[in-house]
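*Asks:* The structure follows.
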Amino acid sequence: MLTGMQIAVIGGDARQLEIIRKLTELDARLSLIGFEQLDHAFTGAVKEKLDEVNFSNMDALILPVPGTDLEGQVETIFSNEKVILTGAMLDKTLENCTIYSGISNSYLNGITKQSKRTLVQLFERDDVAIYNSIPTVEGTIMMAIQHTDFTIHGSNITVLGLGRVGMSVARTFAALGAKVKVGARKSEHLARITEMGLTPFHLNNLVNEVKDTDILINTAPHLIVTAMVISKLPSHSLIIDLASKPGGTDFRYAEKRGIKALLAPGLPGIVAPKTAGQILANVLAQLLQDDLRRRKGKVK
Ligand code: NAP
């Protein structure tokens, strides 16, 4: 339970609603900032304007997945108000107040460091990344179906990278009956690909491995789908680039060659905002409960 904890949920999209639901169920007291257009009311949660918030009793601040922009502005889907998080606000919070976001940037890193508050980036956690790979794969399947005129079953799929997303993508497309090969650069990854019953190849050899590819799915956040690689792809092939912006594909060259290449960021929030919110809510609930236990332990 989170009884006695005072938490501010600042901005965000539908995913935050799952977080609010979960934390109010656990008996936390919530201040909701940037939610005045939300019709739904939650017991134990009060909608407030940023300038009305009493930061001095905050145990935690929860920001949306992107955190803030480089000027401190927080995305607010349920409000027209401009919400800007400042270092002065953090300074007012309790000394052991923790700030949670999905990712961070130089602004958010800067103000949390300056205020000596802990910043937790949920998307850096393995558990969040692995859970998130599930809706990411479902979104990838959706895109593959929408943008091809052939079945996934029986087609040649090349997956680049065997990280948290790459592994789930490779396994699921294989389960749908595709012939999947996976490119990686670590010997243990090549071994794992073999163990999974898929075809491994070293990324150094990528240029020579794509000539039969129907769908190329990249998960490496570096430019590895170069013009040279694209020049070897069959003309009917589709590139789905899952890596974070700007992706790992030479999109300019793909367009020039007439090969469809799609950058597909944020699939969990698009195809399954409820599940994506629940993933964050469950991990956050665990972290906050651990935090509360630690504090109570210290008090004794
Ligand atoms: P991850 O576990 O770190 O895996 C990244 C993979 O890319 C690893 O296999 C890594 O290989 C490889 N890689 C990294 N840099 C490389 C380079 N320079 N050359 C070759 N391979 C390289 O990350 P993840 O959680 O799977 O996420 C992958 C990407 O997808 C990230 O950019 C993430 O932000 C993004 N993502 C997108 C969505 C979406 O909706 N589109 C959803 C979730 C995540 P090594 O181990 O050898 O470094």
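*Asks:* May I ask you to list the residues in the stretch 244-265 that are in contact (Cβ under 8 Å) with a residue 40 or more places away in the chain and crowded, with 17+ Cβ neighbours inside 10 Å?
*Replies:* 248, 262, 264
*Asks:* Still on this structure: For residue 278, are the conditions met, namely being away from the ligand (no atom under 13 Å from the Cβ), of a type in the set (S, T, N, Q) and modelled with pLDDT under 95? Please lay out each step first, then the result.
*Replies:* Numbers: away from the ligand (no atom under 13 Å from the Cβ): yes; of a type in the set (S, T, N, Q): yes; modelled with pLDDT under 95: no.
The answer is no for residue 278.
*Asks:* Then there's this: Looking at (1) crowded, with 19+ Cβ neighbours inside 10 Å; (2) of a type outside the set (Lys, Arg); (3) modelled with pLDDT under 95, which is the one condition that is false for residue 289?
*Replies:* All conditions pass for residue 289, except number (1).
*Asks:* Could you look through the stretch 1-31, keep only residues that are part of a strand (DSSP E or B) and either among the acidic types (Asp, Glu) or under 19 Å from residue 269 (Cβ atoms) (or both), and pick out the one that is modelled with the lowest pLDDT? Don't jump to the end; show me each part of the working.
*Replies:* Let us first name the residues in the stretch 1-31 that are part of a strand (DSSP E or B), namely 6-10, 12, 29-31.
Cutting the leftovers down to either among the acidic types (Asp, Glu) or under 19 Å from residue 269 (Cβ atoms) (or both) gives us 9-10, 12.
Numbers: 9: 97, 10: 97, 12: 91.
This residue is 12.
*Asks:* Could you go through the stretch 195-207 and let me know if any residue there is surrounded by fewer than 16 Cβ atoms within 10 Å (Cβ to Cβ) and within 12 Å of the ligand (Cβ to nearest atom).
*Replies:* Yes; the residues of the stretch 195-207 include at least one that is surrounded by fewer than 16 Cβ atoms within 10 Å (Cβ to Cβ) and within 12 Å of the ligand (Cβ to nearest atom).
*Asks:* What pairs can you find where one residue is in the stretch 200-228 and outside the structural domain of residue 169 (by TED's automatic domain parsing) and within 19 Å of residue 148 (Cβ to Cβ), the other is within 11 Å of the ligand (Cβ to nearest atom) and modelled with pLDDT under 95, and their Cβ atoms are less than 8 Å apart, with a gap of 6+ or different chains?
*Replies:* As it stands, the answer is none, since no pair meets every condition given.
*Asks:* Could you check the stretch 105-122 and list, in sequence order, the residues that are out of contact with any helix residue (DSSP H, G or I) (no Cβ under 8 Å at 6 or more places or on another chain) and either part of a loop (DSSP other than H, G, I, E, B) or of a type in the set (Asp, Glu) (or both)?
*Replies:* 105, 116
*Asks:* Does residue 223 satisfy the condition of being within 22 Å of residue 141 (Cα to Cα) and not small (Gly, Ala, Ser)? Full working, then the answer.
*Replies:* Values: within 22 Å of residue 141 (Cα to Cα): no; not small (Gly, Ala, Ser): yes.
Considered against the rule, which asks whether it is within 22 Å of residue 141 (Cα to Cα) and not small (Gly, Ala, Ser), residue 223 comes out as no.
*Asks:* Looking only at the stretch 150-170, which residues are without any contact (Cβ under 8 Å) to a residue 40 or more places away in the chain, more than 9 Å from the ligand (Cβ to nearest atom) and of a type in the set (Gly, Ala, Ser)?
*Replies:* Hits for the stretch 150-170 are 154, 170.
*Asks:* Now a separate question. Could you please let me know if residue 152 is surrounded by 14 or more Cβ atoms within 10 Å (Cβ to Cβ) and under 18 Å from residue 242 (Cα atoms)?
*Replies:* When the stated conditions are applied, residue 152 passes them.
Per-residue answers, yes or no, for (1) more than 13 Å from the ligand (Cβ to nearest atom); (2) under 24 Å from residue 226 (Cα atoms); (3) touching a helix residue (DSSP H, G or I) at 6+ places or on another chain (Cβ under 8 Å); (4) in a helix (DSSP H, G or I):
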{"residue": "103", "(1), (2), (3), (4)": "no, no, yes, no"}
{"residue": "135", "(1), (2), (3), (4)": "no, no, yes, yes"}
{"residue": "141", "(1), (2), (3), (4)": "no, yes, yes, yes"}
{"residue": "148", "(1), (2), (3), (4)": "yes, yes, no, no"}
{"residue": "172", "(1), (2), (3), (4)": "yes, no, yes, yes"}
{"residue": "177", "(1), (2), (3), (4)": "yes, no, no, no"}
{"residue": "193", "(1), (2), (3), (4)": "no, yes, yes, yes"}
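*Asks:* Would you call residue 96 surrounded by 13 or more Cβ atoms within 10 Å (Cβ to Cβ), more than 9 Å from the ligand (Cβ to nearest atom), without any contact (Cβ under 8 Å) to a residue 12 or more places away in the chain and not assigned by TED's automatic domain parsing to the domain that holds residue 209? Before the answer, list the steps.
*Replies:* Values: surrounded by 13 or more Cβ atoms within 10 Å (Cβ to Cβ): yes; more than 9 Å from the ligand (Cβ to nearest atom): yes; without any contact (Cβ under 8 Å) to a residue 12 or more places away in the chain: no; not assigned by TED's automatic domain parsing to the domain that holds residue 209: yes.
Considered against the rule, which asks whether it is surrounded by 13 or more Cβ atoms within 10 Å (Cβ to Cβ), more than 9 Å from the ligand (Cβ to nearest atom), without any contact (Cβ under 8 Å) to a residue 12 or more places away in the chain and not assigned by TED's automatic domain parsing to the domain that holds residue 209, residue 96 comes out as no.
*Asks:* I'd like to check something: does the stretch 119-130 contain any residue that is farther than 22 Å from residue 283 by Cβ and within 16 Å of the ligand (Cβ to nearest atom)? Outline the logic, then answer.
*Replies:* Residues of the stretch 119-130 that are farther than 22 Å from residue 283 by Cβ, as a first pass: none.
No, there is no match, as no residue in the stretch 119-130 is farther than 22 Å from residue 283 by Cβ and within 16 Å of the ligand (Cβ to nearest atom).
The values are calculated or read from the model by the stated rules, or taken from the named source; none is laboratory data. As the structure is a prediction and not an experimental result, all values here were calculated from the model. Counting neighbours? That spans all protein chains shown, and the Cβs are built from the backbone with ideal geometry, glycine included.
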